Amino acid sequence: MINKIKKNHKIIIIIPARLKSSRLSKKLLRTIHGKPMIQRVAEHAKNLGFKDVIVATDSNEIFNLCKQTKIRVIMSLKKHESGTDRVYEAYELQKKKYDIIINLQGDLPLFDRNLLEGLIKLFDDDKVQIGTAVCNLENDEVEDENIVKARVLLENNIGYVKDFKRKISSKLNYYHHIGVYAFRPKVLKKFINLNQSKNEVQGKLEQLRAMDNNLKIKTVKVDYNPPKCGYN
């Protein structure tokens, strides 16, 4: 259980929604219990009590679906190389200022409020720049290179990430990375203006760009891994 958040943070949740996928065609429009996945993710975030939830997409199909289902949506540029770039574009188009931007994956249809509150609570510490989450790494996940592992020295389920890897030889201090991020706006702006790093390109892990540029990523360990349609 995450302890109560101390500060009254202004939160915006932005869901980057690129329709094309190399692993599963149009997966964000796949139906889950009668609703397209992207709709289910956005509505679930709203139902958990988060007021400002926006989908950022380059797809007319997703844009029209969101309009029809009364989900806030913006049409972003197609040129973006990552969901993080899309998130920042959507943030810049808002007329309000926020303390924390949460980048929520569009293929994460089931999660509970404790996951997002854990991320938000990290920012009670004014020094935190970027937040993310981890959970226990199962034995059968160790050799699965589709599952990203985070090396963290935890204290009371909190700690700074030392490294991210797809391939590891030992579970010691490694956890299953849940690909949800929270940023302070000025840090997100800095991040998207950085060039891709060598480690990022080699590992195909965008978060290594932050670490290679001395942007620290703090993580919270949660008790479960929310079911996900595809890997991060």
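The values are calculated or read from the model by the stated rules, or taken from the named source; none is laboratory data. No experiment lies behind these values; they were computed from the predicted model shown. Note that we place each Cβ from the backbone using ideal geometry, even for glycine, and neighbour counts take in every protein chain shown.
Quick check, is Ala90 closer than 24 Å to Lys20 by Cβ and within 16 Å of the chain's Cα centre (by Cα)?
Yes, satisfied.
State which residue pairs qualify: first residue outside the structural domain of Val148 (by TED's automatic domain parsing) and on the phi > 0 side of the Ramachandran plot and inside region 174-203, second residue surrounded by 21 or more Cβ atoms within 10 Å (Cβ to Cβ) and of a type in the set (A, V, I, L, M, F, W, C) in any location, beta carbons under 7 Å apart, and separation of 6 or more residues or different chains.
none
I'm told Asp124 meets every condition in (1) under 18 Å from Asn225 (Cα atoms); (2) outside the structural domain of Phe63 (by TED's automatic domain parsing) except one. Can you identify the failing condition by its number?
Just one mismatch for Asp124, condition (1).
Please enumerate the residues belonging to region 56-106 that are closer than 23 Å to Lys186 by Cα, surrounded by fewer than 21 Cβ atoms within 10 Å (Cβ to Cβ) and among the hydrophobic types (A, V, I, L, M, F, W, C).
Ile74, Met75, Leu77, Leu93
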